[in-house]
Amino acid sequence: KAFHFAKQAHKGVRRLSGEPYILHPIAVAQIACEEIGLGSTSICAALLHDVVEDTDRTIEEIEQQFGEDVAFLVEGVTKVSEARSGMQDLSKYASHTTDNLAKLLIATSKDVRVIIVKLADRLHNLSELQYLKPEKQIKIARESLDVFAPMADRIGMGRVRMQIEEIAFSYLNPKRYQFLKNLMRKRLGKSTRRLGIVRLEVEDALKKNHIKFEINGRVKSLYSLHKKMLKKDDNIDDIYDLIALRIIVNSKEDCYRVLGVLHSIYQPMVTRIK
């Protein structure tokens, strides 16, 4: 029902890519569903998030058709959009000020689901930056890196934060982005195979010690690598966590038990332990 309402409201309107506008709210709803796991109320709000701002439909109509909860979220996204559009050029602000802007947007929303829909909206808009003029690309990429990425981090959406940072970084510093991408590609082959062996050894050792755990791997994002290399005189040989294993356990005590197991099977680098 929300899809059909949004499709009718945006009828005849196209994105700068030339695609029908309705594909944008669908994409936002998909991100909210797949990346974040939001429920049906939030997905309805994601499908309807631009209806009040961009068409002649009203919040009263949405409340009448979809109920108070959906209307509340749509109105929240609209208010956050208005707060954001009231900001001036972020390049004039210091970093602590942009962090305050992230806090402001979160405070404006009153419900974390509003921010999640807004972040999904921003992530999809970033994926279509190629259709904008270069100066607009830079402005949106800068705002995304300075405000929306910290906002995602603040509410625990690490994967969305990383995706926002990666796309924004590729527009703000394309040469550096490509350089690091090539550098990472050269490094990852042997390291990935080696980490696979380590993972099996670690899983075996933890099982033998009867520790309940989840384990997964992660590759360092290019923007994170960029920031870390600036601190290390741009020497990638000083970066030890290009790829890493993340072990998740149920308690702080188990964290120390895992650390003990790891130190029993590998030689710890004492100066590197945090």
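The values are calculated or read from the model by the stated rules, or taken from the named source; none is laboratory data. If you're wondering where the values come from, they're calculated on a predicted model, not measured in any experiment. Backbone-built Cβ (ideal geometry, glycine too); neighbour counts: all protein chains shown. The protein model used for the area step is the full one, side chains on, heavy atoms only, and it has no ligands, DNA or RNA in it. Shrake-Rupley method; radii C 1.70, N 1.55, O 1.52, S 1.80 Å.
Taking the stretch 1-70 and the helices (runs of 4 or more DSSP H) fully enclosed by it, the elements with 2 or more residues that are of a type in the set (Asp, Glu) and more than 23 Å from Leu126 (Cα to Cα) are at 59-66.
Within the stretch 150-159, being under 19 Å from Leu242 (Cα atoms) and either among the hydrophobic types (A, V, I, L, M, F, W, C) or open to solvent by less than 20 Å² (accessible area, probe 1.4 Å) (or both) holds for no residue.
Checked against (1) within 19 Å of Asp111 (Cβ to Cβ); (2) open to solvent by 60 Å² or more (accessible area, probe 1.4 Å), Ala29 passes all but condition (2). Taking the conditions (1) among the β-branched types (Val, Ile, Thr); (2) part of a helix (DSSP H, G or I); (3) open to solvent by 40 Å² or more (accessible area, probe 1.4 Å) in turn, Val258 satisfies each one other than (3).
Would you check which residues across the stretch 216-233 are surrounded by 11 or more Cβ atoms within 10 Å (Cβ to Cβ), part of a loop (DSSP other than H, G, I, E, B) and of a type outside the set (S, T, N, Q) and list them? Don't jump to the end; show me each part of the working.
From the stretch 216-233, those surrounded by 11 or more Cβ atoms within 10 Å (Cβ to Cβ) are 217-229, 232; that's our starting set.
Checking the rest, the ones that are also part of a loop (DSSP other than H, G, I, E, B) come to 220-221, 232.
Answer for the stretch 216-233, where residues must be surrounded by 11 or more Cβ atoms within 10 Å (Cβ to Cβ), part of a loop (DSSP other than H, G, I, E, B) and of a type outside the set (S, T, N, Q): Lys220, Lys232.
Matching residues to (1) among the hydrophobic types (A, V, I, L, M, F, W, C); (2) open to solvent by 90 Å² or more (accessible area, probe 1.4 Å):
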| residue | (1), (2) |
| --- | --- |
| Arg176 | no, no |
| Lys190 | no, yes |
| Arg199 | no, no |
| Lys207 | no, yes |
| Ile211 | yes, no |
| Glu214 | no, yes |
| Asn250 | no, yes |
| Asp254 | no, no |
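Of these, Arg159, Arg199, Arg194, Arg142, which one is in contact with a Gly (Cβ under 8 Å, 6 or more places away or on another chain) and among the basic types (Lys, Arg)? Reasoning before the result, please.
Values: Arg159 fails: in contact with a Gly (Cβ under 8 Å, 6 or more places away or on another chain); Arg194 fails: in contact with a Gly (Cβ under 8 Å, 6 or more places away or on another chain); Arg142 fails: in contact with a Gly (Cβ under 8 Å, 6 or more places away or on another chain).
Among Arg159, Arg199, Arg194, Arg142, only Arg199 is in contact with a Gly (Cβ under 8 Å, 6 or more places away or on another chain) and among the basic types (Lys, Arg).
Within the stretch 16-43, the set of residues being in contact with a Lys or Arg (Cβ under 8 Å, 6 or more places away or on another chain), among the hydrophobic types (A, V, I, L, M, F, W, C) and at pLDDT below 95 comprises Leu38 only. Number of residues in the stretch 208-227 that are of a type in the set (Lys, Arg) and at pLDDT 90 or above equals 3.
Against the definition (of a type in the set (A, V, I, L, M, F, W, C), within 27 Å of Tyr131 (Cα to Cα), exposed (fewer than 15 other Cβ atoms within 10 Å of the Cβ) and at pLDDT 90 or above), how does Val13 come out, yes or no? Steps first, please.
Details: of a type in the set (A, V, I, L, M, F, W, C): yes; within 27 Å of Tyr131 (Cα to Cα): yes; exposed (fewer than 15 other Cβ atoms within 10 Å of the Cβ): yes; at pLDDT 90 or above: yes.
Yes: the conditions hold for Val13.
Note on the stretch 234-248: residues that are loosely packed, with under 15 Cβ neighbours inside 10 Å and either at pLDDT below 90 or under 21 Å from Ala168 (Cβ atoms) (or both) total 7. Residues that are within 22 Å of Ile243 (Cβ to Cβ) and either open to solvent by less than 50 Å² (accessible area, probe 1.4 Å) or touching a residue at least 40 places away in the same chain (Cβ under 8 Å) (or both) within the stretch 160-174 comprise Val160, Met162, Gln163, Ile164, Glu165, Glu166, Ile167, Phe169, Ser170, listed in sequence order. Looking at this structure, is Gln267 among the polar types (S, T, N, Q), without any contact (Cβ under 8 Å) to a residue 12 or more places away in the chain, in a loop (DSSP other than H, G, I, E, B) and surrounded by fewer than 16 Cβ atoms within 10 Å (Cβ to Cβ)? Against the criterion (among the polar types (S, T, N, Q), without any contact (Cβ under 8 Å) to a residue 12 or more places away in the chain, in a loop (DSSP other than H, G, I, E, B) and surrounded by fewer than 16 Cβ atoms within 10 Å (Cβ to Cβ)), Gln267 qualifies.
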